1. Solvent-accessible area of Leu69, probe 1.4 Å, all protein chains present, reported in Å² to the nearest ten, please.
2. Which residues' amide hydrogens lie under 5 Å from the amide hydrogen of Leu199, considering only partners 5 or more residues apart or on another chain, with H built in the peptide plane?
3. Let me check I've understood the local charge: for Glu131, count other residues with C-beta under 14 angstrom from its C-beta, Lys and Arg +1, Asp and Glu -1. What total comes out?
4. Angle between the Cα long axis of helix 201-211 and the longest principal axis of the chain, 0 to 90 degrees, nearest 10?
5. Helix 97-106 versus the longest principal axis of the chain: what is the Cα-based angle in degrees, 0 to 90, to the nearest 10?
6. Nothing charged except the Cβ atoms of Lys and Arg (+1) and of Asp and Glu (-1): what's the magnitude of the dipole of region 8-70 about its Cα centre? Round to the nearest 20 debye.
7. Only helical DSSP H runs with n ≥ 4 go in: add -39500 (n - 2.57) per run for the chain, normalise by residue count and round the 222 nm mean residue ellipticity to 500 deg cm²/dmol.
8. Give me the lysines in straight-line cross-link reach of Lys191: C-alpha distance below 18 Å, same-chain residues under 8 apart excluded.
Amino acid sequence: MKFIVLGSGTAVPHPQRSSSAYWLETSSGTILLDCSASAIHRMAQEKLDWAKLDAIWISHFHLDHVGGLAPFLFGTRNAPETRERKKPLKIFGAKGLEKLIKAFDAANEYKLFRQPFPLEIREVEPLEKFEILEDVEAVALDTPHTDESLAIHLRHKDKTLVYTADTGFTMTLGDFARNVDLLLIECSFYKNKPVEKHLELGEVMHLVRYAKPQRVVLTHLYPEWDAFDLVSEAEKFSPPCEVIEAKDGLRLVIN
Ligand SMILES: [Zn+2]
Ligand SMILES: [Zn+2]
């Protein structure tokens, strides 16, 4: 699998970090993990084949994770690149996803559901196993962030990835991410986090030491991180694996 960070930042505007979106390429197709407003242009900037994107995962309904979905569907509805497309685009997320997209659509009769190709919206239940792509098995987990927020565990052949998305602290995530090949985890704050619904570095590294992933990528970085060297701060916690700072444009191969 190939993994590309499109946006390593948050809702706060930042000159180098755009909002949440990650591209995952497998031999069965491609998945966009979260779709911020910046994601749609970042895909083009990274020269990714957005017109053939197979699936989108929406972790929760904060706009730095879903704000690009309506603009993307507005684009695919009209772009020459998708005019001949026949294969479906599947959008997965928590209960309420369809209502949200319909509300975006109704705001100005954008006709987002009238695409040249079939659009499928699938609301998933926590802990329900589903196929996000053929041969890519997924399970979602409730997280303490919003009512609907979900982490996701993906398995393709014998490779695994967990994306926590935004979350407060819970050891359940440690079990969920146990021994995965890549753990993509939010690390919003350095220390003394101002809100319970996100993670700070000490909590992240506690989860990492417990879960023992092959590699961990720290993401969803608020601008306060500009003042610190994230990797050397993380190494003070003696992590059991390589720690990688997410940056827009970071590319990794999971094999
Ligand atoms: Zn966020
Ligand atoms: Zn959020």
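1. Roughly 0 Å² of Leu69 is accessible to a 1.4 Å probe.
2. Thr167, Ser188, Phe189
3. Values: positive: Lys90, Arg122, Lys129, Arg155, Lys157; negative: Asp54, Glu120, Glu128, Glu134, Asp135, Glu137.
Local charge sum for Glu131: -1.
4. Its long axis makes an angle of about 90 degrees.
5. Tilt relative to the chain: about 50 degrees.
6. On the way: 4 positive and 6 negative charges, 29 e Å.
Magnitude of the dipole: close to 140 debye.
7. Dividing the helical sum by the residues of the chain leaves -5500 deg cm²/dmol.
8. Lys236
The values are calculated or read from the model by the stated rules, or taken from the named source; none is laboratory data. Note that the structure is a prediction, hence the values are computed from the model and not measured. Don't worry about glycine lacking a Cβ; one is built from the backbone with ideal geometry, like all the others, and counts go over all protein chains shown. Surface accessibility is based on the protein's heavy atoms, side chains included, excluding ligands, DNA and RNA. Shrake-Rupley method; radii C 1.70, N 1.55, O 1.52, S 1.80 Å.
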